[in-house]
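First, the structure itself, so that you have it in front of you.
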Amino acid sequence: MGNCCSCQDLSLSLLQKEENPTPTPSYHSKRESSKSQGKCAYAAVSPESIGLLIHQQNAKQAGRREEEEEEEEAPRSKGPSLKEKLKASLRKDEFDDASEALTSDDFADAQNSCEDKDQVSTRAGSPEPVGGLTEEEIGRLRRSVEEVVREMADHESVVLRRDFSRQRESCVLKVPSDEYGSIAAALSAAMSGDVVEVSEGVYRESICIAAADVDIIGIGSINKIVVESTSKPVLVFRAIKGLVRNLTLRQVGGGCECAVEISTGSLVIDRCDISGQSDSVLHITGTHTSPSILNSVIHDSTGAGFLVEGGASPVISGNDIHGHHLDGLVVKEGGNPTVRGNDIHGCKTTGVLVRSGGLGTFEDNNIRCNAISGVIVHDCGNPRFFRNKIIEGMGKGIDVYDRGCGHFEENTISHNTMDGLIIKTGANPIVLNNKIHNNRGNGVYVFEEGQGVLEGNDIYENESSGKGVLEANEIYENKMDVCGLLVSKGVTGVTIKSGGNPSVMSNIIRDGKGKGIFVHEKGRGILEGNDIAGNASVGISVATGADPVVRRNKVRETVWGRREMKG
């Protein structure tokens, strides 16, 4: 009975404090004191203070034991543990001397959790109280205090930020000013929730947002607020959240992987102009990294505009991405961006490259005028493309190869210098309801063990297409000796060459200036349910040695109808 009272009253006294506690120092005075002393700014509960508390409780016990005996039989709800009460009740300036009172044996048990006071007090076989508390209870109390001390000391900066951010209004730190001559100086003084306002000027420095969640906002014309870094990133973000708006960020001199590095958190970059003489302008990596890059101009890197990898899942929306020496956007190794409403153009290799297990959702982008391909997917890349315009490239529209996959739906693939869509070397995409037209090469070209499902596409005024399932496509107005679909290695409405083995079903193949379907020597495949009309030459032509399955096709309004070519 005495044990329960002593332990409980001691905990309550710690919660209630003294009647006239020493005023708590202000936040800034604690912070400066902590920095000057070079250690955790927690004062002390001395061993004498603990003894005084025990003595006070013993003086109260005599008049309360009868009441406690009556309460013993009544069920008691389980309250917070002693450790929890200690942590909630003791001020941050009450701990250092308490830790000095503990023995080395206590240190060995510092990580042990303190049992609930009810469990301590009602434990069977507890020794008789000594001074109101048993030796075991005193040991547990001392270990509990030490554990709290160590935990708070290890996380001092986090505790300070968490405890005081709710008690202070956000501050605006102006750069330049008498107090802050640089953005880095303002960031060093800023706390979570503060705003750094940057006036017009050129700031030659590297910005690092690493601890506090701070907003950096340019005040004035964006092209007159320039942050420039030489040979290292101009912005590094490692905090939880933040905002960078209306700045020109420029990395010059090369010598680093990126201009902006984001490796954690949810930074928002809005209405910025970013460039860099580096491997990429923005490098976004990490499974818990989900920034938003919005309404910005990302341009003129010596490498790529974006590199997204390592499971990162950014939102990239409304940006102008152009002029990169390599690719506009590279996604690999589990990177999974949402890319929406961007203009990706003028890159010297590819607009979008998805490789090495990269993912991503690409919606309503304008991918145009890129040198080699609008989109490349290879090495098990598996992105999803919806309603994009992949147009006016100086090479291919979409190139899927080397086990690349992907889902392409309702895109416009047109006016590219070479083929609209190439599928080869084990690639296996799903291609649905796209418009593939006016490409100078083939509309769809599938060869070298390319596979895929092509269904409901509108393919016209191209030259050719390969192995796969091609169903419910509309293929018309193709030129002489070129085709809407080319299977394997060749060139008519549908051409199937040596080794080709597609399934061509329920397509409309019409108004071509050459043959409707031409199966070359050793070509195979299933030709079923097609409507072949208005072609200038043969409706279906099968060469000697070819072995297709031809059934239930409509061949009409052609010059020759159906013919088998021999020898």
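Each reported figure results from applying straightforward, stated rules to the coordinates on display, with no laboratory input. Remember, it's a predicted structure, so these values are computed and weren't measured experimentally. In this analysis, Cβ positions are derived from the backbone assuming ideal geometry, glycine residues included, and neighbour counts consider all displayed protein chains.
Counting each pair of different Cα atoms once, what's the Kirkwood radius of the stretch 289-361 in Å, rounded to one decimal? Walk me through the numbers before you get to the answer.
Working: mean 1/r = 0.0850 Å⁻¹.
About 11.8 Å, per the Kirkwood formula over Cα pairs.
Would you work out the Kirkwood radius for the stretch 317-419? I mean one over the mean of 1/r across all pairs of different Cα atoms, in Å.
Details: mean 1/r = 0.0781 Å⁻¹.
Final number for the Kirkwood radius of the stretch 317-419 is 12.8 Å.
What ³J(HN,Hα) values, in whole Hz, does the Karplus curve 6.51 cos²θ - 1.76 cosθ + 1.60 give for the stretch 400-411 when θ = phi - 60°, with x put for Gly and Pro?
My calculation for the stretch 400-411 gives 10, 8, 6, 6, x, 10, x, 10, 10, 9, 6, 8 Hz in order.
Please report, in debye to the nearest 20, how large the charge dipole of the stretch 388-430 is about its Cα centre when each Lys and Arg carries +1 at its beta carbon and each Asp and Glu carries -1 there. Don't skip to the answer; put the middle values down first.
Values: 4 positive and 6 negative charges, 22 e Å.
About 100 debye.
I need two numbers for the stretch 178-272: Rg to one decimal and Dmax as a whole number, Cα atoms only, in Å.
Computed over the Cα atoms of the stretch 178-272, radius of gyration and Dmax are 12.3, 35 Å.
Same structure, new question: For the stretch 198-298, give the magnitude of the charge dipole about the Cα centre (Cβ charges: +1 Lys/Arg, -1 Asp/Glu; no others), in debye to the nearest 20.
Details: 8 positive and 10 negative charges, 16 e Å.
Its charge dipole is roughly 80 debye.
So, one more: Multiply the residue gap between MET394 and CYS380 by 0.36 nm, knock off their C-alpha separation, and tell me the result in nm, one decimal place.
Numbers: separation 14, 0.36 × 14 = 5.04 nm, distance 2.52 nm.
Length gained, MET394 through CYS380: 2.5 nm.
Follow-up. How much length would be gained if the chain were fully extended between GLU136 and GLU200, taking 0.36 nm per residue of separation minus their Cα-Cα distance, in nm to one decimal?
16.4 nm
Cα-Cα over 18 Å: which of LYS396/LYS424; LYS396/LYS435; LYS174/LYS232? Could you put the intermediate results ahead of the total?
Numbers: LYS396/LYS424 13 Å; LYS396/LYS435 15 Å; LYS174/LYS232 25 Å.
Among LYS396/LYS424; LYS396/LYS435; LYS174/LYS232, the Cα-Cα distance tops 18 Å for LYS174/LYS232.
Given a Förster distance of 41 Å, report the FRET efficiency between VAL172 and CYS369 from their Cβ-Cβ distance, rounded to the nearest 0.05.
Details: r = 43 Å, r/R0 = 1.05.
About 0.45, to the nearest 0.05.
With +1 on each Lys and Arg Cβ and -1 on each Asp and Glu Cβ, how big is the dipole of the stretch 338-441 about its Cα centre, in debye rounded to the nearest 20? Let's see the in-between values first.
On the way: 12 positive and 10 negative charges, 22 e Å.
Charge dipole of the stretch 338-441: 100 debye, to the nearest 20.
With a bin width of 5 angstrom, please list the P(r) values of the stretch 374-429 as percents of all Cα-Cα pairs, from the 0 bin to the one holding the largest distance.
6, 23, 29, 25, 16, 1
Hey, with R₀ at 41 Å, roughly what FRET efficiency would LYS224 and GLU333 work out to, going by the Cβ-Cβ distance, to 0.05?
Working: r = 39 Å, r/R0 = 0.94.
Efficiency, rounded to the nearest 0.05: 0.60.
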